[in-house]
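Peer 1: Take a look at the following structure, please.
The values are calculated or read from the model by the stated rules, or taken from the named source; none is laboratory data. Only a predicted model underlies this, so the values are computations on that prediction, with no experimental measurement involved. Virtual Cβ from ideal backbone geometry, glycine too; neighbours counted across all protein chains shown. To get the accessible areas, we keep the full protein, side chains included, count just its heavy atoms, and leave off ligands, DNA and RNA. Shrake-Rupley method; radii C 1.70, N 1.55, O 1.52, S 1.80 Å.
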Amino acid sequence: MKVAKVFTPFRLMLGLIVFPILVVVLYFVIFASKRYVTESGVSVRSATVAASATLALSSGLTGSASPTSYQDTLYLLDYIKSASLVRELDVKLKLREHFESPKLDFIFRLWSIATKEQFVDYFQRRVELDFDDVSGLLTIRTEGFDAAMSERLNKAILEASERFVNDFSNRVASEQMQFSEKETKAAAEQLQLAKTNLVTFQTKNKLLDPVADATAATSLAASLQAQLSGQETQLKTLQSYLSKDSFQVQTLRDQVAATRSQLELERARTTAEQSGDRLNALTIDYQRLLVDASFAESSYQSALAALHAARLDASRKLKSLIVVAEPVKPDSAIYPRYLFDLGTLLVLCVIAYVIARLTVATIQEHQD
């Protein structure tokens, strides 16, 4: 039997063009369910002035969204695809019941025997997410078997998304505040310890300010040195015309001895080898304690400022979900696209028909 007699052009046309077209038309007329699509557009933006300035600068220079906004929107995208959101929306909107309702549409319906994982996959196919990394806009398209459900699903996703952004923002601010409180407490303890060490030093050495005492001792020693020089000069003058046993010479000699003794005492007080009596050594220790106390106080003030800023951030919304395009209830179904699907099928069938005719012609030539 020749192939050309079996696969005639008429039979090929019936099998490869007419029959598939009739099957698809029959599906569209009897089985296919209308599917409505609702679209909305959102973006995550920071509510702080600094972040807004950074966003404006980065957008102006690069023409794209800020890295922070980009990452936050990607987090939101993953959340919308998550199984936890699917379970939440299923309880709220009875999604599974809705997607199982078109019993005749065996292609696009959700089968009742589908597992939880298959239900999540089905939901992800019914919710289309399109992220524009230039503008930072996330487009959400929800599909339903009636217009009301399509709109309700889109609005429910927006509500859950706003709650997710707020919770995420508050959690970050709360963690930052807890960290600031911990740092402030540690800085306060360090400041208290530094002040205690300073008071203990003053009490132990019975000195309020060794630096001032050392300065005063130095000034006193200089004054005594000048006084001693004057007295010695006066003594030499008196000895030039008075005897050494005279009352004036003896008196001045005693004054010189007393002044020299006091001068040596002051010098010993500031430069003595015994560490307990050496003002210079005490001054160095005291200054170190002062530096520690000053540094601890600066750290404490910085920690207080950071805590105050963290509390302000925690009291306001750090990030907001901006709805650029509100979801609107669709008037007509987008799917199925009858003309597009039939036209695509017709083109494919014609291509298959041409290939089949060429194949049959080639086989016939070899048989002849």
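Peer 1: If you add up the charges near residue 298, with Lys and Arg at +1 and Asp and Glu at -1, over every other residue whose beta carbon is less than 14 angstrom from its beta carbon, what do you get? Don't skip to the end; give the middle numbers.
Peer 2: Numbers: positive: 195; negative: 183, 292, 297.
Local net charge: -2.
Peer 1: Just to check I understand the Karplus step: with θ = phi - 60° and J = 6.51 cos²θ - 1.76 cosθ + 1.60, what whole-Hz values come out for the range 140-156, glycine and proline as x?
Peer 2: 10, 10, 10, 10, x, 7, 8, 5, 5, 5, 4, 5, 4, 5, 5, 5, 5
Peer 1: What order do 288, 163 take when sorted by accessible area (1.4 Å probe), most exposed first? Numbers along the way, then the final one.
Peer 2: On the way: 288 125, 163 100 Å².
I get 288, 163, largest accessible area first.
Peer 1: Ordered by packing density, taken as the mean number of other Cβ atoms within 10 Å over each peptide's residues, highest first, how do 132-140, 24-32, 110-118 rank? Spell out each step's value before the answer.
Peer 2: On the way: 132-140: 16.7, 24-32: 13.9, 110-118: 11.3.
The densest-packed peptide leads the list: 132-140, 24-32, 110-118.
Peer 1: Under a Cβ-Cβ cut-off of 14 Å, what is the net charge of the residues other than residue 77 that fall near it, where Lys and Arg count +1 and Asp and Glu count -1?
Peer 2: -4
Peer 1: What is the range 91-205 by shape, rounded, prolate or oblate, if you read a ≥ b ≥ c off the alpha carbon gyration tensor as root eigenvalues and call it rounded for a/c under 1.5, prolate for a/b larger than b/c, and oblate otherwise?
Peer 2: Numbers: a/c = 5.34, a/b = 3.79, b/c = 1.41.
In terms of gyration-tensor shape, prolate.
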